[in-house]
Amino acid sequence: MTQAPTAATTRRLLTALAPPPDDTATSEAVDGLRATTEEIRAFLAEADKRDTQAMRAEVLHEWRNTLDRFHRELEQADPGEWSHWRLPGTWLDSHLRLRSLIAHEVGKAYWDDRAEIRYADIDVERYLWGAR
């Protein structure tokens, strides 16, 4: 049995799931993903600094849409690079896990009619260990 997550632990795990793309990955889509992950990481760092307990579901929804767009662009524009970086343990693998987690949380917030999502309620472990 695992210990119940705290908001701080969840923020750190979410940050870990949003690594910047590898320096050798170069394309417009990768540049977009680099900027997006920088934005996500900055948002989470600020939330950590303020010890914020929840975030607006709208923020997660925007992240999901942006990640979706750039992932789709990368896959379509450069299938070879997409295949190379989609391997387990790569930055793209982490992004895909993050995108799945965000989509799940956005869906739950929608169906539960919640405008905010508590960090401690986000089930990051599930996505770290293979659910996609």
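So the values come out like this:
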item: Single match in GLU105, GLU81, GLU73, GLU125 (criterion: within 16 Å of the chain's Cα centre (by Cα), closer than 25 Å to ARG34 by Cβ, charged (D, E, K, R) and in a helix (DSSP H, G or I)); result: GLU105
item: Test: residue in segment 109-118 that is in a helix (DSSP H, G or I) and under 22 Å from PHE43 (Cβ atoms); result: yes
item: Selection from segment 73-101 of residues that are free of Cβ contacts under 8 Å to residues at least 12 places away in the same chain and over 18 Å from ALA16 (Cα atoms); result: GLU75, GLN76, PRO79, GLY80, TRP82, SER83, HIS84
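Computed from the coordinates by the stated procedures, all read-outs in this text should not be read as laboratory data. Fair warning: this is a prediction, and the values are worked out from it, not measured in the lab. Glycine gets a Cβ as well: all are built from the backbone with ideal geometry, and neighbour counts include every protein chain shown.
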